[in-house]
Amino acid sequence: MKFHFPPSGALVPNNEFDPLPYYYRPVIGHLYRHRLRMGLALVPGGGRRVLEVGVGSGILVPSLTAGFPEYVGTDLVLADGLASLVTPGCTATFQVANLLDPTALPAGAFDVVVCVSVLEHVADAEAAAGCLARALAPGGTLVAGYPMVNRFMATCFRMLGFGRIEEHHITTPVQITTALGKLLRPVGRVSMPLFAPQSLSLYECTSWTNR
């Protein structure tokens, strides 16, 4: 799926920790945007309904609404102006929803669920995995993206000016994939750096199916 990168000024952060400014920086912005391209590369075509968990500023809204006729975006806090990012022809709704609330979303309703840079913030990885799996329609696909969580990554974030990242990134890739693997079957993976094992990946995106 093609990444439609919104122009500078088109997006509004949904909270004080939103990394939106980093996507537009000259050098680090390339890495931030590449993470999104990694995830979109795993999104299968042909589906009708897509759910994005963790909309944030809406940076993926133009891409996902261009690829699906129906879109639902959720977050704990919704940014202003999300509706203006929707590609014409797509029916889109946005709602406040907690990932850990199994009743917040309809069961078995989405052909694709996209959850990028969210699961590392959730302490209960198994509960989060259960809610994501529950939302998938039969034969559906989940695409999840998450960073390395360790002291090295915390140091990298401090160098970027984001201190105390360890207070926000609390669940590791191993915990995330273990939880997802109990409910879904892995079907794809891409990492940064390319082909790096999980233990050496600065960021990875994985896809899963309930098929």
Practice problem: Provide the percentage of antiparallel DSSP beta bridges, counting only those with both residues in the range 20-209; round to the nearest 5. | Solution: 40
Quiz item: Just the C-alpha atoms of the range 20-209: what Rg/Rh do they give, with Rh taken as the Kirkwood radius?
Solution: 0.94
Self-check item: Percentage of interatomic Cα-Cα distances in the range 106-157 larger than 17 Å
Solution: 43
Practice problem: Please report the relative contact order for the chain, taking Cα pairs under 8 Å with a sequence separation of at least 6, and give it as a percent rounded to a whole number. | Solution: 19
Self-check item: Mean ellipticity per residue at 222 nm, deg cm²/dmol - from DSSP H runs of n ≥ 4 across the chain, formula -39500 (n - 2.57)
Solution: -7000 deg cm²/dmol
Self-check item: Listed peptides 4-12, 137-145 by packing density, highest first (mean Cβ within 10 Å)
Solution: 137-145, 4-12
Quiz item: How much length is gained if the chain between His168 and Asn210 is pulled fully straight, taking 0.36 nm per residue apart and subtracting their Cα-Cα distance, in nm to one decimal?
Solution: 12.2 nm
Exercise. Under a 10 Å cutoff between Cα atoms, tell me which one of Ala128, Ala83, Ala97 has the largest fluctuation in the Gaussian network model of the chain.
Key: Ala83
Quiz item: Taking amide H positions as placed 1.01 Å from N in the peptide plane, with prolines and chain starts having none, which residues 5 or more places from Val122, or on another chain, fall under 5 Å of its amide H?
Solution: Ile170, Thr171
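None of the figures in this text is laboratory data; all of them are computed from the coordinates on show. On a predicted model such as this, the values are computed, not experimentally measured, just so you know. Glycine gets a Cβ as well: all are built from the backbone with ideal geometry, and neighbour counts include every protein chain shown.
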